[in-house]
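The values are calculated or read from the model by the stated rules, or taken from the named source; none is laboratory data. What you are looking at is a predicted structure, and each value in this text was computed from that prediction instead of being measured. Glycine gets a Cβ as well: all are built from the backbone with ideal geometry, and neighbour counts include every protein chain shown. Note: areas computed on protein heavy atoms with side chains; ligands, DNA, RNA excluded. Shrake-Rupley method; radii C 1.70, N 1.55, O 1.52, S 1.80 Å.
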Amino acid sequence: MGPKDWPTLKKHGLESTMCNGAEINLVDGFNDEKFHEKLIQNYTAMIPLVAEAGYKNLICFSGNRRGKDDETGWNNCVKGLKQLIPLAEKHNVVLVMELLNSKVNHKDYQCDRTSWGAELCKRVGSENFKLLYDIYHMQIDEGDVIRNIRDYHQYIAHYHTAGVPGRNEIDDTQELYYPAIMKAIAETGFKGYVAQEFIPKQADKIASLKKAVEICDI
């Protein structure tokens with residue numbers, strides 16, 4: 001959620017576990033230098049607001065490849081992100097790049113593999129830049145969810161859930177076994193949030209959410 005929603009969250013004692021509002025969109029991101037001026041302007045304004053509100057995570061995106069190879073994408077992202085890292089470190093805000101699948105939902109998105117995102121984290125070289133590991137998206141593009149969580153957990157700041165296929169409830173109607181995934185996340189020592197991001201098919205959406213929370217409560 002962005003700044004306009006934060007007062008409502010605070011009124012009800014809720015936290016914005018992943019703030020937004022600085023990105024341009026999902027396709028125009030840090031992997032293209034022509035968007036850097038606008039992105040740096042947006043994030044420079046937003047980072048202090050996130051900190052002032054008492055929050056920590058601020059989402060960002062690689063953007064679409066548009067013909068760029070991996071090396072070009074990494075280099076451009078580093079060039080843009082490193083201009084923001086000192087400000088993020090000063091305010092203890094973490095810029096979090098989401099991993100999205102490029103097979104079904106976000107064609108041509110560049111940060112579509114955990115290994116790609118992890119390499120970017122290594123190159124940026126700051127604890128204030130990490131990844132949003134969306135379990136739904138990564139199951140579609142690469143699978144091997146538990147192994148990748150174990151291998152790359154040090155670069156992950158946040159997790160999203162959803163069932164595969166269809167992005168629906170995370171119960172026994174789909175191919176992922178979330179209790180094992182949650183156990184693997186917990187075993188890494190993760191202290192952040194796992195956010196439910198599925199689109200419920202059941203009529204009682206609150207019941208679906210309650211069940212999902214119980215599935216993830218290990």
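Rounded, prolate or oblate, given the Cα gyration tensor of region 141-218, with a/c below 1.5 counting as rounded?
Working: a/c = 2.15, a/b = 1.63, b/c = 1.32.
Prolate.
Just for the chain, what percent of DSSP beta bridges are antiparallel, to the closest 5? Kindly include the intermediate steps, with their values, before the conclusion.
Working: 1 of 17 bridges.
Looking only at bridges with both residues in the chain, the antiparallel portion is about 5 percent.
Kirkwood Rh and Cα-based Rg: tell me the resulting Rg over Rh for region 156-195, rounded to two decimals.
Numbers: Rg = 10.8 Å, Rh = 10.9 Å.
Taking Rh as the inverse mean 1/r over Cα pairs, Rg/Rh reads 0.99.
The modelled label-to-label distance between His91 and Lys201, using points 7 Å beyond Cα along the C-beta direction, is 4.1 nm. Treating the angle as unsigned and between 0 and 90°, give the value, to the nearest 10°, between the Cα long axis of helix 36-52 and the longest Cα principal axis of the chain. Compared with the principal axis, the helix lies near 60 degrees. For the Cα trace of region 64-206, dividing Rg by the Kirkwood Rh returns an Rg/Rh value of 0.99. Using heavy atoms of the protein chains and a probe of 1.4 Å, the accessible area assigned to Val124 is about 10 Å².
Find the percent of Cα-Cα distances in region 1-94 that exceed 21 Å, and round it to a whole number. Can you show the working numbers first?
Numbers: 1472 of 4371 pairs.
Percentage above 21 Å: 34.
Taking a point 7 Å from the Cα of Thr72 along the Cα-to-Cβ direction, the residues of region 98-114 with backbone N closer than 17 Å to it are 108-112. Please give the FRET efficiency for Lys79 paired with Ser115, using the beta carbon to beta carbon distance and R0 = 25 Å, rounded to the nearest 0.05. FRET efficiency, Lys79 to Ser115: 0.75.
Look at the Cα gyration tensor of region 42-107: its axes a ≥ b ≥ c give a/c of at least 1.5 with a/b at or below b/c, and that counts as oblate. Sorting Phe198, Phe190, Phe129 by accessible area puts them as Phe190, Phe198, Phe129; the probe is 1.4 Å, largest comes first, and only protein heavy atoms count. Structure remark: mean-square fluctuation, Gaussian network model of the chain, C-alpha springs under 10 Å; the largest value among Gly143, Gly80, Gly163 belongs to Gly143. Fully extending the segment from Glu52 to Glu127, taken as 0.36 nm per residue of separation minus the present Cα-Cα distance, adds 25.0 nm. Sketch the reach of a paramagnetic label on Tyr193 as a point 7 Å from Cα along Cα-to-Cβ, and name the residues of region 15-34 whose backbone nitrogen lies under 15 Å away. Counting backbone N atoms under 15 Å from the label point, the list is 15-21.
Would you calculate a helix-derived [θ] at 222 nm for the chain, using -39,500 (n - 2.57) for each DSSP H run of n ≥ 4 and dividing by the full residue count, to the nearest 500?
Rounded to the nearest 500, the figure is -12000 deg cm²/dmol.
Under the combined filter of DSSP loop state and at most 16 neighbouring Cβ atoms within 10 Å, region 146-215 retains these trypsin sites (Lys or Arg not before Pro): Lys191, Lys201. Within straight-line reach of Lys205, meaning a Cα separation under 17 Å, there are no lysines at least 8 residues removed in sequence or on another chain.
The slack in the chain from His12 to Ile218, taken as 0.36 nm per residue of separation less the alpha-carbon distance, amounts to 71.6 nm.
Remark: accessible surface ordering of His106, His160, His12 (largest first) is His12, His106, His160, probe radius 1.4 Å.
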